[in-house]
Amino acid sequence: MARVKIKTNNNKDPRRKFALLNILSSNDIYPTNIIIVQDGFVIISSDEEQEKIFQDSTKQELLQNDFTLITPPELKAKRTVIAFNINSHIYSNSEDDMINELYAHNTWLDNNIDTIFKFPNSKTIKITFTQAIYAQKAIDHGLKLFSMKIPHYQIQQEKFYQIQTCYRCYEIEDHLTKHCPKNQDYKVCPECAEEGHTWKHCNKEGKKCINCGENHRTLSMRCCLRKDGIKKKREEEKNRGTYSEITKMNANPINITTPTPLITREEHLKIYSCVMNAHFMNVSDPGCYEKELNTLLADNNLPPIKISKTPNSSKLLAMIVDVEKHAGKDIGEASASADSTYQQETTNNNTKQQQETARKKKKEKGTKKLDSEDIDLEIYTKESKGWPENITLGQLIKGIEEGNYKFTNRESTLEPHEVLGLMKKGDMILGECLKVIDDSIFRKIRSGQTQERSPPSRQPQRLRKKDLK
Ligand SMILES: [Zn+2]
Ligand SMILES: [Zn+2]
Ligand SMILES: [Zn+2]
């Protein structure tokens, strides 16, 4: 169930309530409850209907009738993306110019940007769309503007950190409502902080927070305790990670500037260099990892270490290169690390790395088949044609050979015939790679053409190809 707050005047007049319900039902939204609150109404409805209320048409109609929707933060996060590390050619423009450019070069956006916010000195922008589907499309496909592109891997969903709240006593991060230790008849008002009545029956003018005592609603995001809670969660997420993830994060130069409490920065760098060097040696002379590492550690006055199983260094290095490439970082960014928004960006980034690593690990354990995701395989059909409801592998291959479907494999050095060969042999896991594309774009694709391939970097590609076999 979802709660949506709608602000309006004269909410005590029953005609206003009828007017609101009329607008909602004419937009196919049927609330299960409507509650009069001090400055408007609260609508209780299903999650799907909550999304519907925030559709542009409904929102406009409500606004024309003096009903202002208050967007709940979790919904706002779903409709918001963070684009980080964007090129200064894009970042140097004003927010309004960015909106105009986005509309001009991403026709699917169709006036659905709500706001754009530039985080100062961070190369990071936040874009809020009118609906979650636009945010998702930006995350999947990237955004074009000022004759450039923000690639999909530099766009992430805004994180929403839920602060656990008991809706009886309003204590935060302590217990669920159903486990509230207060008496059955306990009542407290989150609007004015007084006991004896609930928010439904509050008629006090001023606001007061039960938790911090300041002049705001208890559930307000302005609450310092809530802000602290979110900050803590963000930190926790940042610090989560296994040894291997930490090693990988350190492959990213930015993280080296972060002081580590247990060891000095120099030691940190030394250990990291020893580990990496041992991996390199292990690639050329497989099996020598432990011996090499301990020689290097001893040479640098560091304690020895026992390794029970020699790691697969080629695989590991290929993964690091891959993760780094996706993170799209450069060392010049380090200067901005003091900025708090930048920290948020790094957090998101690391999470993406962790997810990617987890995904890869899962895959390694499983089948030896190649996953379409590994090579960023996308198979397209024309928008005017669409995909049949069911399609067999044979039909798919026939369609490709006849030119009715086309494909791209951005993340690999595999030739088109090799990709097709793998598909024919059934050695390719075809995940969610079937896409529908605008007819005009479809015409321009040549099967197997790697669109927007990054400049060749020979070693990583060779390693990755080796890894695939
Ligand atoms: Zn409670
Ligand atoms: Zn009250
Ligand atoms: Zn507070």
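The values are calculated or read from the model by the stated rules, or taken from the named source; none is laboratory data. Keep in mind the model is a prediction, meaning the values are calculated, not measured. We place every Cβ from the backbone using ideal geometry, glycine too, and count neighbours over all the protein chains shown.
Restricting segment 205-227 to residues that are free of Cβ contacts under 8 Å to residues at least 24 places away in the same chain and among the charged types (D, E, K, R), which is farthest from ligand 3 (Cβ to nearest atom)?
Glu205
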Glu191 fails exactly one of (1) more than 16 Å from ligand 2 (Cβ to nearest atom); (2) crowded, with 16+ Cβ neighbours inside 10 Å, namely (1)
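How many residues are in a loop (DSSP other than H, G, I, E, B) and without any contact (Cβ under 8 Å) to a residue 40 or more places away in the chain when one looks only at segment 192-203?
Within segment 192-203, the first condition is being in a loop (DSSP other than H, G, I, E, B), and the residues that meet it are 192-194, 196-198, 202-203.
Filter once more, keeping what is without any contact (Cβ under 8 Å) to a residue 40 or more places away in the chain: 192-194, 196-198.
Adding up the residues that qualify gives 6.
Rundown of residues vs (1) closer than 29 Å to Ile35 by Cβ; (2) surrounded by fewer than 17 Cβ atoms within 10 Å (Cβ to Cβ), yes/no style:
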residue	(1), (2)
Asn100	no, yes
Thr130	yes, no
Ala138	no, no
Leu143	no, no
Gln156	no, no
Phe160	yes, yes
Arg168	yes, no
Asn203	yes, yes
Test Lys144 against the criterion of being farther than 27 Å from Glu237 by Cβ and within 16 Å of ligand 3 (Cβ to nearest atom), and give yes or no. no
When (1) touching an Asp or Glu at 6+ places or on another chain (Cβ under 8 Å); (2) loosely packed, with under 13 Cβ neighbours inside 10 Å; (3) modelled with pLDDT under 80 are applied to Asn301, the one that fails is (1)
When segment 383-429 is checked residue by residue, the ones that are among the basic types (Lys, Arg) and crowded, with 18+ Cβ neighbours inside 10 Å are Lys406
Exercise. Based on what the data block shows, is Gly241 surrounded by 13 or more Cβ atoms within 10 Å (Cβ to Cβ), at pLDDT 85 or above, away from ligand 2 (no atom under 16 Å from the Cβ) and among the small types (Gly, Ala, Ser)?
Worked result: no
Of those in segment 218-238 that are part of a loop (DSSP other than H, G, I, E, B) and either surrounded by 18 or more Cβ atoms within 10 Å (Cβ to Cβ) or over 29 Å from the mean Cα position of the chain (by Cα) (or both), the residue nearest to ligand 1 (Cβ to nearest atom) is Thr218
Counting only residues in segment 102-128 that are surrounded by fewer than 14 Cβ atoms within 10 Å (Cβ to Cβ) and of a type in the set (Val, Ile, Thr), the one nearest to the chain's Cα centre (by Cα) is identified as Thr115
Scanning segment 148-167 residue by residue, those touching a strand residue (DSSP E or B) at 6+ places or on another chain (Cβ under 8 Å) and not hydrophobic (A, V, I, L, M, F, W, C) turn out to be Lys149, Gln154, Gln156, Gln157, Glu158, Gln164, Thr165
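Condition first: within 16 Å of ligand 3 (Cβ to nearest atom), assigned to a loop (DSSP other than H, G, I, E, B) and more than 25 Å from Glu74 (Cβ to Cβ). Can you find one or more residues in segment 177-191 that meet it?
Within segment 177-191 (the criterion being within 16 Å of ligand 3 (Cβ to nearest atom), assigned to a loop (DSSP other than H, G, I, E, B) and more than 25 Å from Glu74 (Cβ to Cβ)), the answer is no, since none of the residues qualifies.
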Selection from segment 175-200 of residues more than 8 Å from ligand 1 (Cβ to nearest atom) and hydrophobic (A, V, I, L, M, F, W, C) yields Leu176, Val188, Cys189, Cys192, Ala193, Trp199
By residue number, the members of segment 68-84 that are more than 15 Å from Tyr161 (Cα to Cα) and surrounded by fewer than 19 Cβ atoms within 10 Å (Cβ to Cβ) are Thr68, Leu69, Ile70, Thr71
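Yes/no matrix, rows are residues, columns are (1) touching a helix residue (DSSP H, G or I) at 6+ places or on another chain (Cβ under 9 Å); (2) modelled with pLDDT of 65 or more; (3) assigned to a helix (DSSP H, G or I); (4) assigned by TED's automatic domain parsing to the domain that holds Thr107:
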| position | (1), (2), (3), (4) |
| --- | --- |
| Phe407 | yes, yes, no, no |
| Leu420 | yes, yes, yes, no |
| Met423 | yes, yes, yes, no |
| Gly426 | yes, yes, no, no |
| Glu432 | yes, yes, no, no |
| Ser440 | no, yes, yes, no |
| Arg443 | no, yes, yes, no |
| Pro455 | no, no, no, no |
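Only residues that are among the charged types (D, E, K, R) and surrounded by 13 or more Cβ atoms within 10 Å (Cβ to Cβ): list them for segment 41-65, please. Quick ask: steps written out before the conclusion?
Here is the first cut: in segment 41-65, the residues among the charged types (D, E, K, R) are 47-49, 51-52, 56, 59, 61.
Result: Glu49, Glu51, Lys52, Asp56, Lys59, Glu61.
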